[in-house]
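Working notes for the structure below.
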Amino acid sequence: MDYLYHYTSIETLALILSNKTLCFNNLLNVDDIEEAETSDMGKFGRFVYASCWTNDKRESIPLWNLYTPDMHGVRIKLPVFPFKRYSYKKGEYFLENDVETYINIEKLYKENKVSIVANQPQLVEIEYTADPEKLYPKVRTLSSEESNNVNFNVSYSFKDVGKYKRKEWSFQKEWRYIYSVSPMGEKELNPPTLEKHRELIRRIEDREYKPPYTRMFLELDDNSLKNIEVLCGPRMNDAEKVVVKALLEKYCPSGIYKESTLKINRK
């Protein structure tokens, strides 16, 4: 698989091209409102962010309807993993090794709201299922506990969060880029102490604790943007097509412009 497709509005296309970024929504804000739920930690998906795509080359009428304004939007085609790469040396920002990553660690370090594992985002194919253990995964594990004390060793797993949806959504043929964060910045967390660890656990365990960000952004690689293809929706009028052409000419003159082959009455 070399390319993925994303249905969106002309306004969002303008932001993607002008800012050279891709938005990752918190799982609290995706279309399937169950996705943030877990069986043991409530809406634990509030610490997970996703950008949703499809690998279906054919135009999808349901996706045009769901994700563009009455089919007046666009479908973006980009190479897989179109993100800008960053290099950091061991010791920078408390890194234990040299790192090649798509994450702008310097930016997150300055903002000091979250910490993140550098080998993200993952690209996952959504599995459509009726299995409640997958739809509402268990994420919390106690490795040991003192029976007469509140101190314990606890771990949390993100491996199954945001990767399953009900079968009713299978028409999406969805792939998504996904990453998780810890709700404490590296500057706040380091150097580590017992008190800081307890505060991190407190934030994670607090089911009313708000997500560090409503949405997050990853920068796009210039070479990937040069290969962008933008397909105009089947109900777009001539003025809207002019806008799309102008956006490509300004920001991605080597990008490919196409028009839908679907024959649908315009509104």
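Taking residues in the stretch 88-105 that are on the phi > 0 side of the Ramachandran plot and modelled with pLDDT under 95, and partners anywhere that are of a type outside the set (D, E, K, R) and part of a helix (DSSP H, G or I), the pairs with Cβ atoms closer than 9 Å and at least 6 places apart or on different chains are Tyr93/Ile105; Tyr93/Leu108; Tyr93/Tyr109; Phe94/Tyr109; Phe94/Leu189. Take the residues in the stretch 117-156 that are β-branched (Val, Ile, Thr) and more than 16 Å from the chain's Cα centre (by Cα), then tell me which one is modelled with the lowest pLDDT. The qualifying residue modelled with the lowest pLDDT is Val150.
On the stretch given as the stretch 190-229, residues that are of a type in the set (A, V, I, L, M, F, W, C) and more than 25 Å from Leu248 (Cα to Cα) total 4.
Residue-wise test of (1) in a loop (DSSP other than H, G, I, E, B); (2) over 27 Å from the mean Cα position of the chain (by Cα); (3) modelled with pLDDT under 95.
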residue: Tyr209; (1), (2), (3): yes, no, yes
residue: Pro212; (1), (2), (3): yes, no, yes
residue: Ala239; (1), (2), (3): no, yes, no
residue: Glu249; (1), (2), (3): no, yes, no
residue: Asn265; (1), (2), (3): yes, yes, yes
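For the stretch 90-139, the tally of residues that are in a loop (DSSP other than H, G, I, E, B) and of a type outside the set (Phe, Trp, Tyr) stands at 23.
Per-residue answers, yes or no, for (1) charged (D, E, K, R); (2) within 26 Å of Pro62 (Cα to Cα); (3) loosely packed, with under 14 Cβ neighbours inside 10 Å; (4) free of Cβ contacts under 8 Å to residues at least 40 places away in the same chain:
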residue: Gly185; (1), (2), (3), (4): no, no, no, no
residue: Pro191; (1), (2), (3), (4): no, no, yes, yes
residue: His197; (1), (2), (3), (4): no, no, yes, yes
residue: Leu200; (1), (2), (3), (4): no, no, no, yes
residue: Arg203; (1), (2), (3), (4): yes, no, no, yes
residue: Asp222; (1), (2), (3), (4): yes, no, yes, no
residue: Asn237; (1), (2), (3), (4): no, yes, yes, no
residue: Pro253; (1), (2), (3), (4): no, no, yes, yes
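Does the stretch 46-59 hold any residues that are in contact with a helix residue (DSSP H, G or I) (Cβ under 7 Å, 6 or more places away or on another chain) and among the hydroxyl-bearing types (Ser, Thr, Tyr), and which are they? Selection gives Thr54 alone.
Please work out if Tyr93 is touching a Gly at 6+ places or on another chain (Cβ under 9 Å) and hydroxyl-bearing (Ser, Thr, Tyr). The answer is no for Tyr93. Within the stretch 35-91, the set of residues being surrounded by fewer than 16 Cβ atoms within 10 Å (Cβ to Cβ) and of a type in the set (Gly, Ala, Ser) comprises Ser39, Gly42, Ser87, Gly91.
The values are calculated or read from the model by the stated rules, or taken from the named source; none is laboratory data. The shown structure was predicted, so the numbers you read here are calculated from the model rather than taken from an experiment. Neighbour counts run over all protein chains shown; Cβ positions are idealised from the backbone, glycine included.
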